[in-house]
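The values are calculated or read from the model by the stated rules, or taken from the named source; none is laboratory data. All figures in this text were calculated on a predicted structure; none of them were measured in a lab. Positions of Cβ are backbone-derived with ideal geometry, glycine not excepted, and every protein chain shown enters the neighbour counts. For accessibility, only protein heavy atoms count, side chains too; no ligands or nucleic acids. Shrake-Rupley method; radii C 1.70, N 1.55, O 1.52, S 1.80 Å.
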Amino acid sequence: MRIDMVSEHASPLAALGEADAGGQNVHVAALARTLGSLGHEIRVYTRRDDPDLPERVPFAPGVTVVHVPAGPARPLPKDELLPHMDELGRWLGQDWRLHERPDVVHAHFWMSGLAALTASRGSSVPVVQTFHALGTVKRRHQGAADTSPPERVGLETRVARESDLVVATCRDEVAELGAMGIDGFGVVVVPCGVDTRRFTPAGPRAAAARPRLLLVGRMVPRKGFDDAVRALAHLPGVELVVAGGPPRDRLDQDPEAERLRAVARDAGVADRLLLWGQVEHDAMPAVYRSADVVLAVPWYEPFGITPLEAAASGRPLVGAAVGGLLDSVEDGVTGVLVPPRDPSAIARAVSELLEDPDRAGEMGRAARRRAVERFDWSTVAAQTLTAYERVVATKHATSAPAPGRVSAGCEWLETHVREVGRAMDSLCAQGDVVRRWGEDLATALSAGSRVLVAGNGGSAAEAQHLTAELVGRFREDRRPFSALALTAETSSLTAILNDYGPDEVFARQVEAHGRPGDVLILLSTSGSSSNVLHAAKRARDLGVLVWGLTGPAPNPLAALCDAVVAVDAPSTAAVQEAHLMAVHGLCAVFDEALSRPAAEAPAAAQPSTLLSAGAAVRR
């Protein structure tokens, strides 16, 4: 897929420690990089703020950053960028005419949304919008201190209504959008992510001579750092490290740093407040590991990267029960949520964790597990791709002309036959994998293992088809084998969906039924369905072998599987036709392997007869 992102003030190239660099920079950079690694072509458009910047800069495999000449080529505060958004949008539209339109454009922040809507006007390019922060929330909490343009709230509402889809980062944002009159049917929730390979519990840690609390982020009043400093007065012998803000040698000139020092002097904790200033991103994992408890206590927070980095590092967190923290922290399990702007509540929660290191350690381990399962960038990218595919399909369906009924049917069938031919070519080229699966399955099930199968929609039907052939028979009569279609047990599905949410509908069944040596077969035409990805991760943790039937690779599911058949076809329907043929091929090889004498070795790997015969569809 060709994906364009617009991030007018937050370039993925920005140094993470700069004064106005933060969560949006990290989000855009990581999402673009992950999507690029999956084989998609990504262009990130951001405003040129330096005359020496080249127009196009390679950022990562498959990802290019494009610097747009909109406004003066020098740094500007983001609250001064609104007058230049029309220019940015016109330039973007012109670039599409010169260098091909994308399949979808994803705008990050409200002003980027204005530019994306300008560029897409009169075209079929769908616009996906992520706000990262809402003006209504900022105005509510900051009042007269809010420096946003006065027309922000009205323009944000317009962007939300005119975009084809809004991707919110948390449930609280969905409620805020609803209060703005935005229909929930046009909103999906995809959280921010974290690099769980960079942020881990294992590795070096910064030295600490006494119990340490940690705050991470820009030093601005809304982050609530002063509340944490006041809480320190109730925690004797504990130090508070603040990692963020300007470089250490410029802290003395920073008004917020001086304010925090004054608060610390008044609270009698000046000797236990350590302002480290800007910390290199590569050094942050060791900083997180050095903390006994991480704090995130803002007045409000659209989502927040710090709780995810702390969780991935295996640290318990005490956080304010606001915004995205309501989703990123599981209260009482991965951390403790307290009311915002309440130093006493912060102190009580921290004290309880420091006095019970076993509980704190279990919270850290639970936080790590949750970060890997729900917030790793591979999962977030897969959910984002699903949102893209949904909006692209909807846009094409609503914008396509309505041809006559008979000719439309004939044209579709002719196109579909061609697409199925391409799918069968792809499948036949992977016939050796299907043969190995059939033989390995015969060995495993004969030894007492079982096979679990899952998929969504049409793939769910094919999952049940496969298990029916194994429990019943495919060709000749034989004994039944243990095969469970996780999509068919409706009582489990509805119970898990109600109690644990859609991501767990297959994973929890895998955890219940799967044992080392079992086989999990996952069918997904996109290879990006979140519930399927969670099932694959849970299976790997349990020692269950994971096989995938997917559409074109690379895709997130293929990356998680022990073996995969990835059908290269241009439509979901064609991929599903090939998956059904693969199911039949697997069953044919399975029966053949069972019918051999025990001492006979498996035949050399080659495309199965059934798969080769299926290629007749091409003709």
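So here's what we get for this one:
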| item | result |
| --- | --- |
| About the Cα centre, charge dipole magnitude for the range 216-347 (Lys/Arg +1, Asp/Glu -1 at Cβ), debye | 180 |
| Length gained when the stretch Ala495-Asp271 is fully extended (0.36 nm per residue, less Cα-Cα span) | 75.3 nm |
| Structure-derived mean projected area of the Cα convex hull in nm² - corresponding label in [x] 33.9; [y] 31.6; [z] 28.4 | [y] |
| Projected label distance in nm at His99 and Ala393, using a 7 Å step from Cα toward the beta-carbon | 3.0 |
| About the Cα centre, charge dipole magnitude for the chain (Lys/Arg +1, Asp/Glu -1 at Cβ), debye | 220 |
| 3J(HN,Hα) from dihedral phi, the range 338-343, Karplus parametrisation 6.51/-1.76/1.60, rounded to Hz, x for glycine, proline | 10, x, x, 6, 9, x |
| Length-normalised contact order for the chain - Cα pairs under 8 Å, 6+ apart - percent | 11 |
| Cα shape, the range 1-118, gyration tensor, a/c 1.5 rule | oblate |
| Pairwise label distance in nanometres, Asp249 with Arg478, each label 7 Å out on the Cα-Cβ vector | 7.4 |
| Most to least accessible of Asp518, Asp252 (protein chains only, probe 1.4 Å) | Asp252, Asp518 |
| Angle in degrees between helix 431-446 and the longest Cα principal axis of the chain, rounded to the nearest 10 | 90 |
| Rounded to the nearest 10 Å², the accessible area of Glu151 at probe 1.4 Å | 90 |
| MRE, 222 nm, helices only [DSSP H, n ≥ 4, -39500 (n - 2.57), over the chain, to nearest 500] | -14000 deg cm²/dmol |
| Tilt relative to the chain, helix 357-370 - C-alpha long axis, 0 to 90 degrees, to 10 | 50 |
| Leu326 - accessible surface, heavy atoms, 1.4 Å probe, Å² rounded to 10 | 70 |
| Selection of GluC sites (Glu not before Pro), the range 174-257, meeting DSSP coil and at most 15 other Cβ within 10 Å | none |
| Principal-axis tilt of helix 458-471 within the chain, Cα atoms, nearest 10 degrees | 50 |
| Relative contact order computed over the range 34-89 (Cα-Cα under 8 Å; 6+ residues apart), in percent | 34 |
